[in-house]
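> Structure below; questions to follow.
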Amino acid sequence: MVAASQHPNITLMTYSEVEEVGGYVGNFRVKIRQKAKSVNHDLCTGCGICWEKCPNTILNEYNQGLNLRKAIYIRFPQAVPNKPVIDRENCRQFQMDGKCGVCKEVCQAGAIDYEQQDLILEEEFGSIVVATGFDLFAWEKAYGEYGYGKYPDVISGLQFERMSNSSGPTEGKILRPSDGKEPQRVVFIKCVGSRDDAKGKSYCSKVCCMYTAKHAHQVLEKIEGSEVYVFYIDVRTPGKGYEEFYRHSLEEGALYIRGRVSNIIPKNSSLIVRGEDTLLGRQVEVEADLVVLATAMTPSYGSDAVARMIGIGTDKDGFFEEAHPKLRPVECHTAGVYLAGTCQGVKDIPDTVSQASGSAVKVCALFSVDERELDPLTSSVNESICSGCSTCVLVCPFKAIEIKTVTERFYGQTLQRQVAAVNEALCQGCGTCTAACRSGAINLKGFTNEQILAEVKAACL
Amino acid sequence: MSLEKTTAPKPAPAQPGNWEPKIIAFCCHWCAYTAADLAGLSRIQYPAAVRIIRVPCSGRANPQFILKAFQKGADGILVAG
Amino acid sequence: MKRVGVFICHCGSNISAVVDVNSVAEAAKKIPNVAYVTHYKYMCSDPGQEEIVKAVNEHNLNRVVVASCSPRLHEPTFQKTLQRAGLNPYLLEIANIREQCSWVHSKFKDLATAKAIALIRMMVAKAAENVPLLRPSVYIRKKALVIGGGIAGMQAALDIADAGYPVVLVERDNTIGGKMAMLDKTFPTLDCSA
């Protein structure tokens, strides 16, 4: 993180979102909205007095709601940049007509700026790497048998991570959210939202087997005399050193039970976890102090908007589609756009880093030349018969066709007429426009109507 | 057209048991055509009467091509992509 | 005047063990617009490509059909061969007689041979309609945008930046680090994730 922020060639724009992407390979025009931070980061020293004194507290999303944060805040002590922003929706200054101003009063550097506005920056880029990541499956909406999120001691794997992280809400202690006591018996449930057609997604989320093994190890290591039960469908550990790691958690005493959990019932201060042991063919019941759900990875919220903006296809689950599952795994069908990490599909960290480096190499290869030759297999318009109906504009998946006005001379008069125009750099040569064109005015070079018809005729001989 | 002139006279309809339909498949270069290649790679056997025409996208399959194929005697058309 | 050259590849024995290349070559000679036919053990090898270059020049060919493996494999290879022979690379067509013929009809040699001829006939018909195409070129602005400041975005940005190109890393949250920075230790080595 620090390396990325200090690199002389990297301009870091946090609290910013891409709003609009136009153009084509080598020449993308991008609009970026720099959201108002309400803090002048050039003046701010990151001393922290503002968030210490801020009177407003809200649930801390970063810690998965396990503790509170202030309205002026940094995400965690090692955040980059290590300077706060004001969450205007939860700030008294903004919500109560300026009746607070505490942070401005205490700031020695005079960095607080309530007047700051969103900035829109427009810049041109040669290439785009999309690395929008993942979010966790919203199990609270789907799993009634696990309490729809009503039981405080049923938590997600990410909440567990925040707890066991030494800069997290409990400074690394594994505690029950309900009463802050150390749990003795912890149950892990795998495949929550994954491999479950009825409630979640059909795919395997890939990383959960390994992080559950890690969590099991962490419970057994941190809490003396603790018991760990893991409900699983299969244990999948394909990776270097992964099977050994899983074995290690078994040797430490994690008890794996093959089967799904049918429901969780609160009893006094603990939870009764009921399920089936399909290997023994009998019902099991575990009284647990804490239940951790291994929830599936899903595409990050808002990634569908990014896909539409740039023109990236998505698969049935909303992950970004690569140009070829094996041979072009980091490229998109849109030239000059590359994918990195979990936005393209579930991945663990080593795979993510490999793909990110792969996409970086693709970018560097593109940048190694001053001009790039494009595939000539693009659509072209016969303007003399184009009626300008713009059907092709509507069907083009790459936004490569525009309507332009041409001036013609007709029996001594000057006429203006609308016709379709193809941007060769944007056109990916799919030919959908040619099939949609009613007047047959648009043709695809390399796969012309004449060429394919000749092939059809020869094939029917 | 010269192409059609060179056509050998159509063989008389074969025995009902031997008849094979002539199927023209329009396959998207990126998926269905690749899948057909994969079938080859995996040595999956299928009837030889299929003729695959590579198109850059199944969206390229103009209805005109399909009508032309039927007109020229194709028994079935597959658009895959 | 369209003069198509047909070059049939044996692919070692991948094609020739099933498809009778001699009778395919004989049949190909009778296809309209075909001016020259030959077959060779490995068309994609250096001597195979030389054969194409030589034939194009000696027989004044202006279209080329290579009957070999899938165009997904060697279309770029043979396009370069055409360029060396002084032809526009888009005057090439490939008849896929390996993945979509010899490999999938290996038990029926006669049918496979007949299909190979048919596939060549189709590609010759298409090639006769081919026209030279020019590759347009665009200017490449050497600056990258990375959307997302998690581990994937940071790694990509660092690699591109290390290569000497400017990068803008955009992150919607007010810190970079993404999900990975939220994690404690990471499997299987249990090292820290910040």
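The values are calculated or read from the model by the stated rules, or taken from the named source; none is laboratory data. These numbers were taken from a predicted model, which means no experiment stands behind them. Cβ placement follows ideal geometry from the backbone for every residue including glycine, while neighbour counts extend to all protein chains displayed. To get the accessible areas, we keep the full protein, side chains included, count just its heavy atoms, and leave off ligands, DNA and RNA. Shrake-Rupley method; radii C 1.70, N 1.55, O 1.52, S 1.80 Å.
> Tell me, which residue of region B:47-60 that is more than 19 Å from C:L119 (Cβ to Cβ) and in contact with a strand residue (DSSP E or B) (Cβ under 7 Å, 6 or more places away or on another chain) is farthest from the other protein chains (Cβ to nearest Cβ)? Don't jump to the end; show me each part of the working.
Initial filter on region B:47-60 (more than 19 Å from C:L119 (Cβ to Cβ)): B:57-60.
Keeping just the survivors that are in contact with a strand residue (DSSP E or B) (Cβ under 7 Å, 6 or more places away or on another chain) gives B:57-58, B:60.
Details: B:C57: 4, B:S58: 9, B:R60: 3 Å.
Among residues in region B:47-60 that are more than 19 Å from C:L119 (Cβ to Cβ) and in contact with a strand residue (DSSP E or B) (Cβ under 7 Å, 6 or more places away or on another chain), the one farthest from the other protein chains (Cβ to nearest Cβ) is B:S58.
> A follow-up question, please. Filter the strands (runs of 3 or more DSSP E) completely within region A:239-324 down to those with at least 3 residues that are more than 14 Å from chain C (Cβ to nearest Cβ).
Working: elements: A:255-258, A:261-267, A:270-277, A:282-288, A:290-295, A:297-299.
Result: A:255-258, A:261-267, A:270-277, A:282-288, A:290-295.
> To continue, here is another question. Which count do you get for residues in region A:112-131 that are under 26 Å from A:G313 (Cβ atoms) and not in a strand (DSSP E or B)?
Total meeting the criteria: 2.
> Still on this structure: For region A:138-155, what are the residues that are within 22 Å of the chain's Cα centre (by Cα), modelled with pLDDT under 95 and not charged (D, E, K, R)?
Residues of region A:138-155 that are within 22 Å of the chain's Cα centre (by Cα), as a first pass: A:138-142, A:155.
Imposing the further condition that a residue be modelled with pLDDT under 95 reduces the set to A:138-142.
Result: A:A138, A:W139, A:A142.
> Just name the residue that is farthest from the other protein chains (Cβ to nearest Cβ) out of those in region A:24-36 that are at pLDDT below 95 and open to solvent by 20 Å² or more (accessible area, probe 1.4 Å).
Filtering first and then ranking leaves A:R29.
> Right, B:D37: surrounded by 21 or more Cβ atoms within 10 Å (Cβ to Cβ) and among the acidic types (D, E) or not? Spell out the reasoning first.
On the way: surrounded by 21 or more Cβ atoms within 10 Å (Cβ to Cβ): yes; among the acidic types (D, E): yes.
Considered against the rule, which asks whether it is surrounded by 21 or more Cβ atoms within 10 Å (Cβ to Cβ) and among the acidic types (D, E), B:D37 comes out as yes.
> Of these, A:S357, A:S368, which one is among the hydroxyl-bearing types (S, T, Y), modelled with pLDDT of 95 or more and open to solvent by less than 60 Å² (accessible area, probe 1.4 Å)?
Numbers: A:S368 fails: open to solvent by less than 60 Å² (accessible area, probe 1.4 Å).
From the options A:S357, A:S368, the qualifying one is A:S357.
> Does A:K70 count as in contact (Cβ under 8 Å) with a residue 12 or more places away in the chain and within 11 Å of chain C (Cβ to nearest Cβ)?
Details: in contact (Cβ under 8 Å) with a residue 12 or more places away in the chain: yes; within 11 Å of chain C (Cβ to nearest Cβ): no.
It is false that A:K70 is in contact (Cβ under 8 Å) with a residue 12 or more places away in the chain and within 11 Å of chain C (Cβ to nearest Cβ).
> Okay, moving on. Of the residues that make up region A:374-390, is at least one charged (D, E, K, R), open to solvent by 60 Å² or more (accessible area, probe 1.4 Å) and within 14 Å of chain C (Cβ to nearest Cβ)? Walk me through it before giving the result.
Step one: filter region A:374-390 for residues charged (D, E, K, R), giving A:375, A:383.
Now restrict to residues that are open to solvent by 60 Å² or more (accessible area, probe 1.4 Å): A:375, A:383.
Those still in the list that are within 14 Å of chain C (Cβ to nearest Cβ) too: A:375.
Yes, region A:374-390 has at least one match.
> Looking at (1) assigned to a loop (DSSP other than H, G, I, E, B); (2) out of contact with any strand residue (DSSP E or B) (no Cβ under 6 Å at 6 or more places or on another chain), which is the only condition C:L158 fails?
(1)
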